[in-house]
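For reference, the structure is listed below as structure tokens.
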Amino acid sequence: MTNRARKPYIAGNWKMNLDRARSLDLIKTVKGRLGDGGDREVAFFVPAIYLADVSAVAQGSPLGIGGQNLWFEANGAFTGEVAPRMLREVGADRVLIGHSERRHVFHEPDDWMGRKVRAALDCDLLPIYCIGETLDERKGNRTERVLKRQLESGFEKVKVEDCHRLTIAYEPVWAIGTGETATTEQVGATHKMIRKWLAVRVGEPAANLVRVLYGGSVKPDNAKDLMAVEHVDGLLVGGASLQAETFLPIVEYDRAPA
Ligand code: PGA
């Protein structure tokens, strides 16, 4: 059975896409459609340079606006990086941490993750902590080991009382931007494993507060099936979040198509 003890969370990750005008248009359209938001949480993770403008347009709506990355120090000689406080200052209320492109393209190591999650929480940013195995790791039966290692590092400094502010996104690297989605069986088994790990790590009551999203080639035609998988509390959407025509049907995964 689908567990809706947790509010569904549909998040769009724009990555390094769109321009300023198209970003603002998309926010206006989604904001108009969302109304008061009600029974689901919707957010966009936006290039840092557009955050101020995008969050100004999103104001007055329940739409969450987040950064795609942060550095864990408050300030200093870190050329090219963005501090948690800076994200807050330009209107972000959340942030992605450990996205697979950060890990694999920019070689962010596991041992940064705990400090990044802690820095986000300490600055009142809601983190989505991303984890996922590569195709080689899955083929080599190392999925569980890899995900547990990533979970251990991300949760290194997490306390039980932080859990209601934490979200995990399971995104198999081989499913991101490839058009290949994990099967509902693979998603179900992996999410179950994550939830079990959480219960051991923080105890069952706190574990039950953490939402676990699926990401990787989520589209309007697979969103409903993915959301029906037990322990899937939401979706992290890349390519399909760049246009209202593909993002809104995902947000409204449980409504009949018009
Ligand atoms: P995708 O990206 O939906 O384009 O596969 C997902 C993500 O990277 O968050």
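The values are calculated or read from the model by the stated rules, or taken from the named source; none is laboratory data. Note that the structure is predicted; figures quoted are calculated from it, not measured. For neighbour counting, all protein chains shown are included, and Cβ atoms are generated from backbone atoms with ideal geometry for every residue, glycine included. All accessible areas refer to the heavy atoms of the entire protein, side chains included, with ligands and DNA or RNA removed. Shrake-Rupley method; radii C 1.70, N 1.55, O 1.52, S 1.80 Å.
Tell me, how many Å apart are the Cα centres for the stretch 56-120 and for the stretch 1-51?
17 Å
Equivalent ellipsoid semi-axes for the chain, as square roots of 5 times the alpha carbon gyration tensor eigenvalues: give them largest first, rounded to whole Å.
Ellipsoid semi-axes (Å, largest first): 25, 23, 18.
What pairs in 31/219; 7/157; 7/31; 196/219; 116/192; 7/192 have C-alpha atoms more than 22 Å from each other?
From the list (31/219; 7/157; 7/31; 196/219; 116/192; 7/192), the Cα-Cα distance tops 22 Å for 7/157; 196/219; 116/192.
If I take every Cα pair under 8 Å that is 6 or more residues apart in the stretch 119-183, average their sequence separation and divide by the length, what percent do I get for the relative contact order?
For the stretch 119-183, the relative contact order is 47 percent.
Grab the other residues whose beta carbon is less than 12 angstrom from that of residue 93, score K and R as +1, D and E as -1, and report the net.
0
According to a simple spin-label model (label point 7 Å from Cα along Cα-to-Cβ), what is the distance in nm between residue 165 and residue 142?
Each label point lies 7 Å from its Cα, and together they span 3.4 nm.
Which of the peptides 71-81, 185-195 is most tightly packed, and how do the rest follow, going by the mean number of other Cβ atoms within 10 Å of each residue?
Ranked by mean Cβ neighbours within 10 Å, highest first: 185-195, 71-81.
Could the peptides 212-218, 139-145 be put in order, highest first, of the mean number of other beta-carbon atoms found within 10 Å of their residues?
Result, highest mean Cβ count within 10 Å first: 212-218, 139-145.
Checking understanding here: applying a Kyte-Doolittle mean of at least 0.5 and a length along the axis of at least 18 Å (C-alpha), which whole DSSP H helices in the chain pass?
Long hydrophobic helices here: none detected.
First compute the accessible area of the stretch 3-145 with a 1.4 Å probe, then give the percent of it belonging to carbon and sulfur atoms.
49 percent
Taking only C-alpha pairs under 8 Å that are 6+ residues apart, what is the relative contact order of the chain in percent?
21 percent
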